[in-house]
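Step one of this worksheet: look at the structure below.
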Amino acid sequence: GDSVTQMEGPVTLSEEAFLTINCTYTATGYPSLFWYVQYPGEGLQLLLKATKADDKGSNKGFEATYRKETTSFHLEKGSVQVSDSAVYFCALSGPPNTGNQFYFGTGTSLTVIP
Amino acid sequence: DSGVTQTPKHLITATGQRVTLRCSPRSGDLSVYWYQQSLDQGLQFLIQYYNGEERAKGNILERFSAQQFPDLHSELNLSSLELGDSALYFCASSARTGILGTGELFFGEGSRLTVL
């Protein structure tokens with residue numbers, strides 16, 4: 001079945017460091033891919049998404065490109081800030097005939113230190 | 001503010017008890033999802049409803065049940081509670097499903113359940 005595998009955490013970076021969180025997926029058909037972020041004490045918020053191959057989602061300096069050939073959707077940011085400390089979830093949504101099921105990775109905790 | 005409202009925000013109860021968690025989706029969203037988030041299990045999909053009907057079922061225990069009402073709000077009922085049921089329970093809603101394509105999920109802030 002469909003699934004998402006993302007990089008294990010926790011990840012600790014210094015402010016202004018480069019961030020990569022790896023995410024690979026297994027899916028039948030052509031899923032949509034998402035990154036969600038969960039700040040402490042809050043619910044998940046959509047960070048960015050891509051709905052077809054080669055699409056690049058971007059938001060708040062974060063980017064991820066939908067790579068069908070490598071079944072990946074890695075999250076990157078060129079210069080992280082303390083305020084980026086959160087848990088990041090990669091997710092995919094299956095094709096419409098699956099009822100738009102969402103599959104989430106296990107989450108990667110990021111801590112950015114000044 | 002995602003527009004998804006969950007109540008209560010916090011709930012403390014004893015083993016063996018029964019609780020009901022409530023979710024109001026974003027205005028106009030027909031699809032509601034329930035997830036359980038615990039420290040060691042990550043985000044687990046429980047169940048999905050679309051316009052009042054059950055659409056998909058995940059790792060939901062038999063002690064748990066849910067429904068979506070005509071006004072589209074949803075309730076998750078947890079009974080015969082065990083210590084291991086302590087977790088954050090999230091509701092999410094989505095505007096689209098089926099052949100209309102994929103819309104992203106909008107999450108509520110969660111209901112934190114503590115079973116003592």
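The values are calculated or read from the model by the stated rules, or taken from the named source; none is laboratory data. All of these numbers come straight from a predicted model, not from anything done at the bench. Virtual Cβ from ideal backbone geometry, glycine too; neighbours counted across all protein chains shown.
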Search result, residues across region A:31-62 that are in contact (Cβ under 8 Å) with a residue 12 or more places away in the chain and closer than 18 Å to A:VAL82 by Cα: A:TYR36, A:VAL37, A:GLN38, A:TYR39, A:PRO40, A:LEU47, A:ASN59, A:LYS60, A:GLY61, A:PHE62
Counted residues, region B:56-97 - those being outside any loop (DSSP other than H, G, I, E, B), surrounded by 14 or more Cβ atoms within 10 Å (Cβ to Cβ) and over 11 Å from the mean Cα position of the chain (by Cα): 4
Filter result for the condition that a residue is assigned to a loop (DSSP other than H, G, I, E, B), closer than 27 Å to A:THR108 by Cα and at pLDDT below 90, over B:ASP29, B:ASP1: B:ASP1
Search result, residues across region B:33-65 that are within 9 Å of chain A (Cβ to nearest Cβ) and basic (Lys, Arg): B:ARG55
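Answer yes or no as to whether B:PHE106 is of a type outside the set (A, V, I, L, M) and either buried (at least 16 other Cβ atoms within 10 Å of the Cβ) or within 12 Å of chain A (Cβ to nearest Cβ) (or both). Lay out the reasoning, then the answer.
Details: of a type outside the set (A, V, I, L, M): yes; either buried (at least 16 other Cβ atoms within 10 Å of the Cβ) or within 12 Å of chain A (Cβ to nearest Cβ) (or both): yes.
So B:PHE106 passes the test.
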Meets criteria (farther than 22 Å from B:ALA87 by Cα, among the aliphatic types (A, V, I, L, M) and at pLDDT 95 or above) for A:ALA27: no
Condition broken by A:LYS68, with the remaining ones in (1) at pLDDT 95 or above; (2) basic (Lys, Arg); (3) surrounded by fewer than 18 Cβ atoms within 10 Å (Cβ to Cβ) satisfied: (1)
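One residue is enough: does region B:6-18 have a residue meeting the conditions among the small types (Gly, Ala, Ser), farther than 22 Å from A:LEU46 by Cα and either in contact with a Cys (Cβ under 7 Å, 6 or more places away or on another chain) or at pLDDT 95 or above (or both)?
Taking every residue of region B:6-18 in turn, at least one turns out to be among the small types (Gly, Ala, Ser), farther than 22 Å from A:LEU46 by Cα and either in contact with a Cys (Cβ under 7 Å, 6 or more places away or on another chain) or at pLDDT 95 or above (or both).
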Residue, farthest from B:GLN6 (Cα to Cα), within region A:40-72, restricted to residues that are away from chain B (no Cβ under 14 Å) and out of contact with any Asp or Glu (no Cβ under 9 Å at 6 or more places or on another chain): A:GLU69
Region B:98-114 - residue that is more than 10 Å from the chain's Cα centre (by Cα) and small (Gly, Ala, Ser) and, of those, modelled with the highest pLDDT: B:GLY103
Single residue of B:ARG22, B:ARG112 found to be closer than 23 Å to A:SER109 by Cα, surrounded by fewer than 19 Cβ atoms within 10 Å (Cβ to Cβ) and among the charged types (D, E, K, R): B:ARG112
